[in-house]
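A quick write-up on the structure given underneath.
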Amino acid sequence: MKINQGDIIRFLNDTGGGTVKKIISDNMVLVQTEDDFEYTVPTNELVVIKSSVKSDESYENKETVKEPEPEITEDPKFIPELKDDNSVEIHLAFIKSKNKDVFECYLLNDSNHYLFFHAVIKLSGIYKKLDADKTEPNTMIKLGDFSRNRINNTSEIIVQIMFYGHKYDVIKEQHESKIKIEPVKFFTEGNFKPNDFFDENAYMFILYKDGTEPVQVANEDSKETPENIPEEKDIKDFFIKDDDKPKISKPHKKPETIEVDLHINHLLDSVVGLSNHEILQIQMEYFHKNITDAINKKADKIVFIHGIGNGTLKTALRESLSMQYNLHYEDASFKEYGFGATMVML
């Protein structure tokens, strides 16, 4: 029996059922279960309980009127561009949009396979779907935009991939990748580099990579390969006696400390009409902006003056330093700031 989008089904080899949300191919569909989870399932493992297509019982009794056959025009089928080799590289990439505080996220399919993917993000311990779709060979698809706040609150991105539709029916197992998100690195310019996919620099993550030839991954601590290992007679040239080493005296760099006042009356002329929650949000946005600016400037320390109050701002600030930025902090100098400031070591 043909399965259509919207059909209500039951699993043949398992308990439960759900609704067909998308037809992926002739023998594969996307099913949303009763618990709102989505799975790709072969059609031969499903039983249709209620069809979404209404049948017309009186149709067979009607006199069949033969209509003139329409003129057949060939609809050119999309033929994806294939690579000469059989290598597979799947990337997750972030590029900066015109709004510098927003990052565009893309899935890059650099292979001769069709892909069906399911991407989710982990926000404060809760998993939320980012996107689920299919891609053609050697194409890219935009998964969404990440604001500064979304980056700061995302701890992990998980991407599940199923390979299918290869020209030569090459079979690959399903794959899952987990990408740990470190917000500080998104605001470090050096992590965005030139690449073969975008005109602008991108922050790239490899989700999957293989090739027709075995790939040897060199130890990053050792850059020597068999081709550049010196012959025995030349080894002496690679050593320098302690007496011959140049003695360079570097000037002592004075540690740079930045001070940031988070008192709301320093940030706004008036707080009339603002709730405590809205005030805290404004203070935390100013905190995030200054901590990332300080990291980009390669400052040594930054002091946030938050005051004593009821401790809400201090607690939120320190939780963010520990959970999102993984930075060491301590009470700032009591002599200079009293009890109302936190010093962060960068």
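The values are calculated or read from the model by the stated rules, or taken from the named source; none is laboratory data. Because the structure is a prediction, the values reported are computed rather than measured. For neighbour counting, all protein chains shown are included, and Cβ atoms are generated from backbone atoms with ideal geometry for every residue, glycine included.
Sub-7 Å Cβ pairs linking a first residue in the stretch 187-216 that is within 25 Å of Val170 (Cα to Cα) to a second residue that is modelled with pLDDT under 90 and surrounded by 16 or more Cβ atoms within 10 Å (Cβ to Cβ), at least 6 apart or interchain, are Thr212/Asn86, ordered by first then second residue. Selection over the stretch 1-32 of residues that are touching a residue at least 40 places away in the same chain (Cβ under 8 Å) and either among the β-branched types (Val, Ile, Thr) or assigned to a loop (DSSP other than H, G, I, E, B) (or both) gives a count of 9.
For Glu69, the stated conditions do not hold, so it cannot be described as in contact with a Leu (Cβ under 9 Å, 6 or more places away or on another chain), modelled with pLDDT under 85 and more than 20 Å from Leu207 (Cα to Cα). Consider the stretch 258-295. How many of its residues are under 15 Å from Leu327 (Cα atoms) and exposed (fewer than 15 other Cβ atoms within 10 Å of the Cβ)? Number satisfying all stated conditions: 1. If you go through the stretch 300-346 and keep only what is in a helix (DSSP H, G or I) and in contact with a helix residue (DSSP H, G or I) (Cβ under 9 Å, 6 or more places away or on another chain), you end up with Thr312, Leu313, Ala316, Leu317, Ser320, Leu321.
In the stretch 1-32, the qualifying residues are those that are closer than 14 Å to Ser52 by Cβ and among the aliphatic types (A, V, I, L, M), and the one that is modelled with the lowest pLDDT is Met1.
Of the strands (runs of 3 or more DSSP E) lying entirely inside the stretch 124-175, those containing at least 1 residues that are over 16 Å from the mean Cα position of the chain (by Cα) and of a type in the set (A, V, I, L, M) are 154-164.
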